[in-house]
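The values are calculated or read from the model by the stated rules, or taken from the named source; none is laboratory data. Here the structure is a predicted model, which is why all the values come from computation and not from measurement. Note that each Cβ is placed from the backbone with ideal geometry, even for glycine, and that neighbours are counted across all protein chains shown. We work out accessible area using only protein heavy atoms, side chains counted, and drop any ligands, DNA or RNA first. Shrake-Rupley method; radii C 1.70, N 1.55, O 1.52, S 1.80 Å.
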Amino acid sequence: MELADRAVGFILASISVTIFTYYTFWVIILPFVDKDHFVHNYFLPQEYAILLPVYAGVTLICFLSFFIGHVMLKSKKKKT
Amino acid sequence: MKHIAKIMAFLMAVTAVWISLLQTKMIPQSHTWLLPLYFIVSLGCYGLLMVGVGLMQFPTCPQEAVLLQQDVIEAKQFLKHNGVDVGTD
């Protein structure tokens with residue numbers, strides 16, 4: 001059982017480190033690199049560096065409000 | 001209310017630093033515009049990292065688990081002996 005917990009924890013930590021390094025590279029280091037360098041092929045255009053987190057944040061807020069509304073409606077229906 | 005005041009003061013300080021960075025052009029302007037978003041993403045990453053590390057280091061206490069199971073069996077026997085319905089076995 002604890003091995004499964006450890007594996008999940010390790011996967012979460014590695015995902016977070018990957019996202020952090022990728023995003024740091026994208027936002028901070030890439031604008032200083034020449035346009036002809038090959039490393040630009042591995043990163044999406046810079047507009048996506050703004051669009052993707054905003055899109056993820058908006059999705060998260062939508063999901064949270066939907067969940068809260070759903071729970072509130074269910075509790076109200078059960079009371080009557 | 002005091003905790004909210006502290007959080008608001010911290011946010012105001014960060015906003016002031018960001019605006020001052022925009023005015024004095026120490027960092028290229030394109031970078032300065034992206035800084036708040038970068039900090040939010042890195043904060044989310046940090047939270048996820050802490051959750052993962054906590055999961056990896058959680059202690060499971062196997063001896064206590066065995067003792068607990070023994071306690072549960074003992075309690076069930078005692079209650080059944082005294083006539084209380086302990087449910088499915």
Quiz item: So if we plug the beta-carbon distance of residue A:77 and residue A:56 into 1/(1 + (r/R0)^6) with R0 = 22 Å, what FRET efficiency do we get, rounded to 0.05?
Solution: 0.10
Quiz item: Rounded if a/c is under 1.5, else prolate if a/b is larger than b/c, else oblate: which is the protein assembly as shown, with a ≥ b ≥ c the root eigenvalues of its Cα gyration tensor?
Solution: prolate
Quiz item: Roughly speaking, to the nearest percent, how much of chain A's 1.4 Å accessible area is carbon and sulfur?
Solution: 75 percent
Quiz item: If you keep only loop residues by DSSP, which trypsin sites (Lys or Arg not before Pro) in segment B:1-66 have at most 15 other Cβ atoms within 10 Å of their Cβ?
Solution: B:25
Quiz item: With point charges of +1 on the Cβ of Lys and Arg and -1 on the Cβ of Asp and Glu, referenced to the Cα centre of chain B, which listed residue (B:49, B:67, B:84) lies farthest in the positive direction of the dipole?
Solution: B:49
Practice problem: Equivalent ellipsoid semi-axes for segment B:9-89, as square roots of 5 times the alpha carbon gyration tensor eigenvalues: give them largest first, rounded to whole Å. | Solution: 60, 14, 10
Quiz prompt | Translational diffusion of segment A:1-48, µm² s⁻¹ [Kirkwood Rh, Cα pairs; Stokes-Einstein; 4 °C; 1.567 mPa s] | solution = 102 µm²/s
Exercise. Identify all aspartates and glutamates with a Cα-Cα distance to residue A:35 below 16 Å; exclude those on the same chain that are fewer than 8 residues away in sequence.
Key: A:47
Quiz prompt | For segment B:34-48, residues shielded by at least 30 square angstrom of accessible area compared with the chain on its own, probe 1.4 Å | solution = B:34, B:37, B:38, B:41, B:45, B:48
Quiz item: Taking both sides together, what accessible area is buried at the B/A interface, probe 1.4 Å, expressed in Å² and rounded to the nearest 100?
Solution: 1800 Å²
Quiz item: Which one of A:53, A:42, A:21 is farthest out on the positive end of the charge dipole of chain A, using unit charges on Cβ (Lys, Arg +1; Asp, Glu -1) and the Cα centre as origin?
Solution: A:53
Quiz item: Put a dot 7 Å past each Cα toward the Cβ at residue B:75 and residue B:31; how far apart are the dots in nm?
Solution: 6.0 nm
Quiz item: Any idea how far apart residue B:53 and residue B:16 come out in nm if each label point goes 7 Å out from Cα toward Cβ?
Solution: 3.1 nm
Quiz prompt | Theoretical ellipticity at 222 nm over chain A - DSSP helices of four or more residues, -39500 (n - 2.57) apiece, nearest 500 | solution = -25500 deg cm²/dmol
Quiz prompt | Partners for residue B:6 among lysines (Cα-Cα distance below 30 Å; same-chain residues under 8 apart left out) | solution = B:25
Self-check item: Sulfur and carbon atoms: percent of accessible area, chain B [1.4 Å]
Solution: 73 percent
Practice problem: Return one number: the angle in degrees, 0 to 90 and rounded to the nearest 10, between the long axis of the Cα atoms of helix B:62-81 and the longest principal axis of the Cα atoms of chain B. | Solution: 40 degrees
Self-check item: C-alpha long axis of helix B:2-23 to longest principal axis of chain B, angle in °
Solution: 40 degrees
Quiz prompt | Angle between chain A longest axis and helix A:2-24 axis [Cα atoms, degrees, rounded to 10] | solution = 50 degrees
Quiz item: Across the Cα atoms of chain A, what radius of gyration and what greatest pairwise Cα-Cα distance (Dmax) are found, in Å?
Solution: 20.1, 67
Exercise. Could you calculate the FRET efficiency of residue B:7 with residue B:67 from 1/(1 + (r/R0)^6), where r is the beta carbon distance between them and R0 is 45 Å, rounded to 0.05?
Key: 0.55
